[in-house]
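Let me begin by presenting the structure, written as structure tokens, before commenting on it.
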Amino acid sequence: MSTAATATPPTGIASIGLHLPPLSMPVTELAPLRGQDPMKYTHGLGCETMSLCPPDYGVVELATEAARRAIARWGGDTERIGMLAVGTETAVDMSRPLSAWVADRLGLKGAVRSYEVKHACYGGTLALRQAAEWRLSGAAQDQAALVVAADVALYEPGDPGEPTQGAGAVAMVIDEPRVASIDPVSYAWSEPEFDFWRPIGDSYPSVDGALSLDCYKRAAENCFKALVGKRNPEEVLSELAAICFHVPFPKMVRKAVDQIGEFFGFGAERIEQLYADKVSPTMVWNRLCGNAYTASLWISVANALEGLAVGQRVAAFSYGSGFGAELLMLESGTEASAGIWAKDIEADLTAREQLDGAAYTRLRAQDDGKTILAEEIGLDVATSRFGKASSR
Ligand code: HMG
């Protein structure tokens, strides 16, 4: 075997592209529709604005646009992309991977390993780990990988999860670590549970809300416990510029930080300070977007990396129901300080249209109507003109 095949190339995130859909609605507009005090959504859950998709817009559009932006910023030859891994739980087909739709629109084909990764919100992180490990193993032979995390998170109207809805996509080219390197070692934790699931054919997820909170907190505690090992937790945390979490809703993250802090024996004041200094600031974009499932953690990571000097460390905690979790460690590269990908969010936020409660009600009625109509007339929802509705 040649040394070229086994050498470990420098590996990490070479570029980031983000994309949010064209519609949004503040959760304060949803509260009166559901007979709730808006404070429950804003203070109780920490939510602010939901990203929403119009009827002709779905996960394919989100994933493709984020990928286009990441590739343009990377500036490399697309012939060097040897892997396209798309993490999603908004699958448009039980067989054909979402990556095929993305590859089709980007014109990527040939010597490319192209596939979809599913593990609830953890799927994007798994895709990223596989891409990084593929390069670190030497098997990539210096090819780059395109990783996309994209989802549309919708709950049944009236479901307690409705104010946490959102949508978005993050794409990352895994190549030279210009934006951030990814530590080869990470800390995983999984337990088989039914905390949040979507049986085949169901348009919306089923959730055991209280159980999902417990699972998330238990996973976070175990991953951070593994990270700290026998070291002093304060020493380990002091090495981190930011701590990013999967953000189903911001209050969930706060609860996880409480749990981790209590495990390490911190008092309430210290936990508050940790959250305020290293965690809460990373969720600025998440608050404007809502839960974007696989993309949520990476939206937070993209935000945290923006503006960092070279060599600063960021922790990234991924959680996917079912459940699986993993804590990754990243280190900022030379292009983090410029944080050029922030322009994606700025542009999408400026362009998006804000709905009021009445427009949202019409949008949801349209969605449900389309799914029912497609089923009634036996249309293949993945390929029909109703396909976008099914692709959420
Ligand atoms: P709920 O029925 O709204 O819960 O559902 P609640 O009644 O417990 O209220 C929530 C909070 O609002 C509570 O705060 C209330 O006190 C507070 P807490 O006690 O927990 O701190 N509250 C108020 N605050 C101020 N003013 C008021 C007021 N009234 C009440 N007037 C639940 C909440 C999270 C269960 C629901 O939103 C849900 O089912 N969400 C979806 C599941 C979820 O996000 N789980 C998170 C962990 S699992 C995960 O992250 C994976 C996921 O992303 C999917 C995947 O992996 O694919 C979801």
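The values are calculated or read from the model by the stated rules, or taken from the named source; none is laboratory data. Note that the structure is a prediction, hence the values are computed from the model and not measured. All Cβ positions, glycine included, derive from the backbone under ideal geometry; neighbour counts span all protein chains shown.
Of the conditions (1) surrounded by 15 or more Cβ atoms within 10 Å (Cβ to Cβ); (2) within 14 Å of the ligand (Cβ to nearest atom), GLU191 clears all except one; give me its number.
(1)
Residue by residue through the range 80-106, note down the ones that are farther than 22 Å from LEU20 by Cβ, in contact (Cβ under 8 Å) with a residue 24 or more places away in the chain and not basic (Lys, Arg).
Correct list: ILE81, GLY82, MET83, ASP93, MET94.
Residues that are out of contact with any helix residue (DSSP H, G or I) (no Cβ under 8 Å at 6 or more places or on another chain) and of a type in the set (S, T, N, Q): does the range 66-83 have at least one?
No, the range 66-83 contains no residue that is out of contact with any helix residue (DSSP H, G or I) (no Cβ under 8 Å at 6 or more places or on another chain) and of a type in the set (S, T, N, Q).
Against the conditions (1) in contact (Cβ under 8 Å) with a residue 40 or more places away in the chain; (2) of a type outside the set (Phe, Trp, Tyr); (3) not in a helix (DSSP H, G or I), where does THR294 fall short? Just the number, please.
(3)
What are the residues in the range 229-288 that are in a helix (DSSP H, G or I), of a type in the set (Lys, Arg) and away from the ligand (no atom under 15 Å from the Cβ), if any?
ARG270, LYS278
Take the residues of the range 136-155 that are more than 11 Å from the ligand (Cβ to nearest atom) and in contact with an Asp or Glu (Cβ under 8 Å, 6 or more places away or on another chain): which is nearest to PRO22 (Cα to Cα)? Step through it out loud before you land on a result.
Quick first cut of the range 136-155, residues more than 11 Å from the ligand (Cβ to nearest atom) only: 136-150, 152, 154.
Okay, now just the ones that are also in contact with an Asp or Glu (Cβ under 8 Å, 6 or more places away or on another chain), so 144-145, 154.
Working: ALA144: 30, ALA145: 28, LEU154: 15 Å.
Out of the qualifying residues, it is LEU154.
Give the range 199-225 a look and list any residue that's in contact (Cβ under 8 Å) with a residue 60 or more places away in the chain, within 14 Å of the ligand (Cβ to nearest atom) and touching a helix residue (DSSP H, G or I) at 6+ places or on another chain (Cβ under 8 Å), or say none.
The answer is TYR216, ALA220.
Can you pull out every residue in the range 76-114 that is within 22 Å of PHE323 (Cα to Cα) and surrounded by fewer than 16 Cβ atoms within 10 Å (Cβ to Cβ)?
Passing the criteria: only MET94.
What number of residues within the range 18-45 are of a type in the set (D, E, K, R), touching a residue at least 60 places away in the same chain (Cβ under 8 Å) and over 16 Å from GLN165 (Cα atoms)?
Residues that pass the stated criteria total 0.
Is it the case that ALA302 is within 14 Å of the chain's Cα centre (by Cα), assigned to a helix (DSSP H, G or I), more than 13 Å from the ligand (Cβ to nearest atom) and crowded, with 24+ Cβ neighbours inside 10 Å?
yes
Residues of the range 343-359 being surrounded by 15 or more Cβ atoms within 10 Å (Cβ to Cβ) and not in a helix (DSSP H, G or I), which ones?
Correct list: ARG352, LEU355.
Any residue that is farther than 14 Å from LEU146 by Cα and of a type in the set (S, T, N, Q) - is there at least one of those in the range 56-79?
No, that holds for no residue.
Kindly list the number of the only condition in (1) within 16 Å of the ligand (Cβ to nearest atom); (2) under 14 Å from ALA91 (Cβ atoms); (3) not assigned by TED's automatic domain parsing to the domain that holds MET94 that fails for PHE196.
(2)
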